[in-house]
Structures are given as C-alpha cells and as structure tokens.
Ligand SMILES: Cc1ncc(COP(=O)(O)O)c(C=O)c1O
C-alpha cells in the first residue's frame, strides 16, 4: 500500500525502527546477562510479538488480560504486577505467569496459598521513596502518599526478614529517565532495604528507562546491572515499555476542514482525546513531520479534531506551505501509549493498524469499524 492510500486515521509501526530499538535491548541482555521484558501497557501490537521475542526475554503485564496476551502471543518469560489481584484472576495468573509481584503485604498474604504448588516466583514491589522526577507527580510512584510499593517502615512492622517464598523485589520509579537516576534510586534502595536484600533470586528494576533514546547513558546502565548481579548474586530484570517502540510509529491523519477564529484551525480525523490521550494527560506535544513551533515557519495552524471536546487540541504548529483540506499529516513517536489507550468517544473510529515493512511496503494489520464501537456498548 502506498503512503497516499493509507486509510486515515491509522497507526503505522515502522519495522526498521523497531528492530533498531530491539537490537539495542538485545545488546543489553547480551552484555550484562539481564532479562529485558516488554511492558505491554506501552505497546501491545501482538502481531509483532514473534519478532520482539527474537530479541528480548519476554513480556510483563499489568493484570490478567495482558498476562494472557503475553503468554498466547509471545510465549516467553511472562511476569505480572498489579496493585491488587482478585481471587478469580489469581487462579488463572498462576497458570500464565513465571513471576507474580505483589504490591502490599496483605496482597501477598492473601494470595500466597494460591501461588504455592505452581512454578511461579513471588516478588514484592517496594517503594524506595526516592523521587528523581521533577514536576511529574502523576508519573512518580515515589510521590507522597503513593499507593505503589511497600515502604520500608511498612515492611519492617511485619517482617524482620523476608519470608522464604518471596524470591524477588521489584521497584518501578522512573519515567523517560536515564541511568544516573536509576543509580540514585538503586542507592536509595540499598540504604533503605538493606536487611531485605540478602538471599534474593532476582531484582526487577521496573520500566521508565529511556534506553533507546539518542544519548542514553548505556554504559552506566550496563555497569550498574553488572554490579548488582555481582554484589547480590541475583538475576536482574528491566521492563521497559517506551524504549521498545520509541520513535517507531506514526499516526497518519487527514485534514477534514479548516476553520478560522482568530487563527487558522485544522479539523483532523485524528483526535488527541481518542487516539493519543497522553497528549492531554501528560501533557506533551507530539512531533509532527514537516511541522515546526508556531510562528517559526510562514503558516501557523492549530491542530484539532472531529470530537466535541473544545480542548481536543493537539497543539499549534507551523508549516513551510499552506495546508489544504485533504492533506495528510504525520505525527511521529505514536507507537507507544497510543493504540493501548485509544477509545471511541463521540463514535470516532479507531485508527487502523499498519506495519511499515523494511522493504517500504505498508501492510494493513487490522482495521476497525462500527462493530468495535457497538460491541463495547449495550
Ligand atoms: C510496573 C511498571 N513497569 C514498567 C512500566 C513501563 O514503563 P515505560 O513505558 O515508561 O518504560 C510501567 C509504566 O508505567 C510500570 O508501571
């Protein structure tokens, strides 16, 4: 399929760029002996799981459905962490997962009996209480009153030593961060949880490592992982989501109309609210091919959408040429936290999913229609 023939809106995942990221992650495993897991919450394009599984150790899940998807579609190492599990989900999770990580002592004590007898390694998520993010409380599991992970004081009120069936500790504190912040966090973990770091089988350093970003401190990450393995004799896991498919996808959209109210406003068939919710939630401004900051190039437009939400605005961008109805625009870095979060608010269609092959050919993987909209309602 040619670029002009793509059904808009659509996500296009770029195989070449994905493989570039995967090769970096594979190198990390090779050079340190760690295990890299795909955090499916960021990217669950399971048509690519067989490919991804050729490079990294497996998948991690946020609950039962992702755990099933990882088991069914990649079939490699499969881990799960959720703030709480229901009993009926646990009965299935023990058949699907290699590691189950609990978020509280109460959850561990409630479910440990259900795990016993299955080939599942139990872990506990801890909270190192070490914030390394500035101004992003919503993405900071170490922010005050965080529900994510057991604090040292909670843990020591119940256990002086970890029970023998807790084989690993997990922490996740980073968001789009570098290895220096991971190092700071790990030092905090060592200080805070020192009595609990002996006799472990594994440590999981969570996600948020922007490993495949240009300029990431890769050698620092490798050095830290080697040190952890040597000092504690543990297997080390990292579970990046973003880094797997960073800059490896696009959202292609068509200009449906241009309206004027103090400025020129494009009505696109893509929506921030429906198709790239992080633009509003984070919030952030997605890179746009051929687009620059407002006012930088001769023609500035506000990019907005077909929904009724007044604030469904992607941002103001400038272009070298005048934009016309029917033009196609391409948002970049749209593989991650996009198709996993989209919705059909206002009955707006879900974008089709395509794969841009290394050959340059775009292959339609899936299209969605009225049925998907209707099936989720009643
Ligand atoms: C427990 C856990 N692991 C891994 C990840 C993946 O993080 P990222 O996509 O930023 O690498 C997340 C993201 O929220 C998470 O909560």
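Annotations for the structure displayed:
- Packing-based ranking, highest mean first, of 61-67, 194-200 given that Cβ atoms within 10 Å are counted: 61-67, 194-200
- Radius of gyration and Dmax over the Cα atoms of the stretch 282-363, both given in Å: 14.5, 41
- Each peptide in 273-279, 130-136 gets a packing score, the mean of other Cβ atoms within 10 Å over its residues, and the list from highest to lowest is 273-279, 130-136.
- With helices as the sole contributors, the chain gives -8000 deg cm²/dmol at 222 nm; each DSSP H run of n ≥ 4 counts as -39500 (n - 2.57), and the sum is divided by every residue.
- With the highest mean first, a sort of the peptides 78-87, 310-319, 286-295 on other beta-carbon atoms found within 10 angstrom per residue produces 78-87, 310-319, 286-295.
- Exposure proxy ranking, count of Cβ atoms within 10 Å, fewest first, for 73, 358: 358, 73
- Residue exposure proxy: 202, 3, ordered by other Cβ atoms within 10 angstrom of their Cβ from fewest to most, comes out as 3, 202.
- Structural descriptor for the chain: relative contact order 20 percent, calculated from alpha carbon pairs under 8 angstrom and at least 6 residues apart.
- Debye-sum result for the stretch 175-236 in log10 I(q)/I(0), which assumes one identical scatterer on each alpha carbon, at q = 0.12 Å⁻¹: -0.29
- Rounded to 10°, Cα long-axis angle of helix 218-232 versus longest principal axis of the chain: 20
- Considering the chain, its Cα convex hull presents a mean projected area of 20.2 nm².
- Over the stretch 64-158: Kirkwood hydrodynamic radius from C-alpha pairwise inverse distances, Å: 14.5
- Here is the tail figure for the stretch 33-245: Cα pairs spaced more than 29 Å apart come to 20 percent of all pairs.
- Helix 105-115 and the long axis of the chain differ in direction by around 80°, with both axes built from C-alpha atoms.
- Working note: Cα atoms of the stretch 16-133, range along each principal axis, descending, whole Å: 45, 36, 23.
- Order of 28, 377, 205 - criterion: other Cβ atoms within 10 Å of each residue's Cβ, fewest first: 377, 28, 205
- To the nearest ten degrees, helix 87-96 and the longest principal axis of the Cα atoms of the chain are 90 degrees apart.
Every read-out reported here was derived from the displayed coordinates using simple, explicitly stated rules and does not represent laboratory data. If you're wondering where the values come from, they're calculated on a predicted model, not measured in any experiment. Counting neighbours? That spans all protein chains shown, and the Cβs are built from the backbone with ideal geometry, glycine included.
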